[in-house]
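For reference, the structure discussed in these notes is given below.
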Amino acid sequence: MTMRKIIYSALLLLISLNLSAQQEKHFSMFYASPSLLNAGANATMGEDFRLFTNFRMQWLSAVDKPFRTNAFSAETKLFKNTSTNGYIGTGLHFFNDVTGDYRIATTSFAVPINYVIQIGRFDKFSIGVLPGYFQQSPSGVEKWDSQWNGLAFDPAVNSGEGTIKTVNTFDIGSGLYYSRINPNTNGVFKVGFAANHLTSQAVNFKSLTSNLYRQYVGHLDWNCRFYNSNVGFSPMAYAFFQGPNKNIVAGVSLDYLLQQPSRRTDFVQEKSISFGLYHRWKDAIIASVNFKYSGYEVGLSYDANISNARVATNTVGAFEIFFKWASFYGNGKRYIH
């Protein structure tokens with residue numbers, strides 16, 4: 001490891017230790033599973049159920065052990081039929097994030113519950129809650145300035161910093177979500193707002209105790225489709241604010257429809273390919289490609305650092321991949337709109 005990477009690794013470690021209580025999930029392809037951001041967005045897809053998984057690797061060229069993030073979600077609709085204007089959505093969320101050499105792991109399980117009401121033929125509004133379990137724990141070897149022996153970090157040297165504790169606690173969030181379908185083109189406008197970590201639970205670092213900042217999330221996604229055209233575009237934006245921390249991403253994708261979805265029923269699902277370009281404020285340029293085929297969808301993205309971190313990362317920020325599958329419970333439950 002070069003001296004530059006040693007210094008940068010130490011800085012990343014220090015940041016992750018001091019801010020580990022605020023360690024949060026964030027994805028470049030945030031639009032792929034909005035329910036992970038917002039409990040109100042759960043089970044708002046056209047299909048009856050959806051499975052989603054995501055994998056992200058960050059700081060690959062800057063540290064020996066890159067930051068790794070995994071997520072999984074399952075969503076389903078309950079009590080939906082053609083005679084009512086609403087239904088209940090529920091499912092399961094899992095998230096695991098591990099940072100750097102010290103391997104500070106954040107793990108959460110949650111069960112989203114929301115109510116979705118159909119407002120007229122083309123509009124949906126939903127409100128939801130996200131009760132769950134939150135854990136943070138270290139599993140690696142500490143590296144402090146006092147443990148530097150001139151050549152390497154020596155874990156046998158007493159750092160004098162004490163012992164980091166494992167945090168296990170209850171967590172809850174809530175959210176609102178609205179979507180509208182354009183009946184002429186099947187384009188969809190979606191917007192949502194969520195507040196997470198409402199309990200502001202205590203988290204411990206060494207002998208200090210702090211509280212997890214509440215997180216406020218806003219997101220916007222507009223799938224613009226041209227009438228009688230296979231070409232469209234999708235401007236998107238996402239922002240979260242959590243104490244002194246913030247993450248703001250905005251951009252647009254160019255969409256080419258290989259097959260239009262049916263407009264009056266749910267029998268025919270969309271087939272399309274999309275190319276996206278986004279900017280994470282003061283951090284990175286993100287390029288992505290998504291392919292959707294009859295309920296299956298896969299996406300790939302790459303983050304190129306444009307911040308000062310590019311000196312150590314050689315602009316290599318993160319790689320990300322997701323896979324999604326959405327379908328119906330049976331032909332008898334496919335609805336006429």
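Quick notes on this one:
- Of all residues in region 177-189 being under 23 Å from residue 89 (Cβ atoms) and open to solvent by less than 50 Å² (accessible area, probe 1.4 Å), the one that is modelled with the lowest pLDDT: 186
- Within the set 324, 292, the sole residue that is basic (Lys, Arg), touching an Asp or Glu at 6+ places or on another chain (Cβ under 7 Å) and either open to solvent by less than 30 Å² (accessible area, probe 1.4 Å) or outside any strand (DSSP E or B) (or both) turns out to be 324.
- Condition check for residue 198: under 33 Å from the mean Cα position of the chain (by Cα), in a loop (DSSP other than H, G, I, E, B) and at pLDDT 90 or above: yes
- Residues of region 293-312 that turn out to be closer than 12 Å to residue 61 by Cβ and of a type in the set (Phe, Trp, Tyr), as a count: 0
- Number of residues in region 47-69 that are surrounded by fewer than 18 Cβ atoms within 10 Å (Cβ to Cβ) and either in a loop (DSSP other than H, G, I, E, B) or of a type in the set (A, V, I, L, M, F, W, C) (or both): the value is 8.
- Output for region 295-307, where each listed residue is farther than 16 Å from residue 256 by Cβ and among the small types (Gly, Ala, Ser): 295, 301, 304, 307
- Selection status of residue 2, out of contact with any Cys (no Cβ under 9 Å at 6 or more places or on another chain), modelled with pLDDT under 90 and of a type in the set (S, T, N, Q): yes
- Filter pass, residue 36 being open to solvent by less than 20 Å² (accessible area, probe 1.4 Å) and closer than 22 Å to residue 107 by Cβ: yes
- Among the residues of region 32-46, those that are of a type in the set (A, V, I, L, M) and part of a loop (DSSP other than H, G, I, E, B) comprise 37, 43, 45.
- Counting only strands (runs of 3 or more DSSP E) that sit completely within region 76-152, those holding 1 or more residues that are at pLDDT 90 or above, closer than 21 Å to residue 189 by Cα and not aliphatic (A, V, I, L, M) correspond to 86-99, 113-119, 123-137.
- Selected residue [touching a His at 6+ places or on another chain (Cβ under 7 Å) and either open to solvent by less than 40 Å² (accessible area, probe 1.4 Å) or in a loop (DSSP other than H, G, I, E, B) (or both)] from 227, 238: 238
The values are calculated or read from the model by the stated rules, or taken from the named source; none is laboratory data. Note that the coordinates shown come from a computational prediction; the quantities given were computed from them, not determined experimentally. When we count neighbours, we look across all protein chains shown, and the Cβ atoms used for this are built from the backbone with ideal geometry, even at glycine. Only protein heavy atoms, including side chains, enter the accessible area calculation; ligands, DNA and RNA are left aside. Shrake-Rupley method; radii C 1.70, N 1.55, O 1.52, S 1.80 Å.
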